[in-house]
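Structure, as structure tokens:
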Amino acid sequence: MVDGKPQVLFSLDPQDWHGHGTETLWAEPVEGSDWTRFRLLNSPYFVMGVAFRDIVVATPRAESGIFDFTRVAETSGHSTYMLLVDGEEVLAGSDWRLLKAMGCSYESMHVDLTVGRKLLLSVDIPDLVDIAEAHAIIAEGESKGFWLYQIGATTFIDGMLPIW
């Protein structure tokens, strides 16, 4: 536990494109849940099926402040898209500015892949944003070659599947 905040640990397949076996997300315990239900406080880079502010069920590990993910208890209505970009200059472009103006935000990290070093964005699309419009902007950005994207979790249910 860092600064009194627990972390929820998600198991991943290290054979997937990212090569990671786990990912941890910051969380806060849901009041009255006796430290079994947690609200996620950031968006995942690699975990599929969860988004910022989702409430998850998790069990404690031996290490203090780390909890193993069990299941999603309640979705927040937020969506998570992961964007893989070549450089930060894309963030100054009109496509990202449109997303930002809608209320979308991101966390970023650099990843070393077989195709080189890339910037990975974990994009949070809040529940009040028109997800169909945000999705269209992200898909258009990919068609322009600005990024590749993958849907981590979405409220946009229209036969959409992860892209990469």
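The values are calculated or read from the model by the stated rules, or taken from the named source; none is laboratory data. Everything quoted here is computed from the prediction, not taken from an experiment. We place every Cβ from the backbone using ideal geometry, glycine too, and count neighbours over all the protein chains shown. Quick note on the areas: whole protein, heavy atoms, side chains included, nothing else; ligands and nucleic acids left out. Shrake-Rupley method; radii C 1.70, N 1.55, O 1.52, S 1.80 Å.
A few remarks follow.
- Loop-resident GluC sites (Glu not before Pro) (DSSP state other than H, G, I, E or B) in the range 1-81 with no more than 13 further Cβ atoms inside 10 Å of their Cβ: GLU31, GLU63.
- Using a probe of 1.4 angstrom and keeping all protein chains present, the accessible surface of the chain works out to 52 square angstrom per residue.
- Spacing of the modelled spin labels on LEU148 and GLU74, each 7 Å from Cα toward Cβ, amounts to 3.7 nm.
- Principal-axis analysis of the Cα atoms of the chain puts helix 131-143 at an angle of about 50° to the longest axis.
- Three-way shape call for the range 52-129 based on the alpha-carbon gyration tensor, with the a/c threshold at 1.5: oblate
- Evaluating 6.51 cos²θ - 1.76 cosθ + 1.60 at θ = phi - 60° for every residue in the range 87-94, the Karplus couplings come out as x, 5, 4, 4, 5, 8, x, 5 Hz, glycine and proline recorded as x.
- Looking at the range 74-141, none of the chymotrypsin sites (Phe, Trp or Tyr not before Pro) sits in a DSSP loop with at most 14 other Cβ atoms within 10 Å of its own Cβ.
- Exposed-site-free run, longest, the chain (rule: trypsin sites (Lys or Arg not before Pro); DSSP loop; at most 14 other C-beta within 10 Å): 62-143
- Extension gain, ALA101 to ARG61: 0.36 nm times the residue separation minus the Cα-Cα distance gives 10.4 nm.
- Cα gyration tensor shape for the chain, rounded if a/c is under 1.5, else prolate or oblate: prolate
- Helix-only CD estimate at 222 nm, as mean residue ellipticity for the chain, using -39500 (n - 2.57) per DSSP H run (n ≥ 4): -4000 deg cm²/dmol
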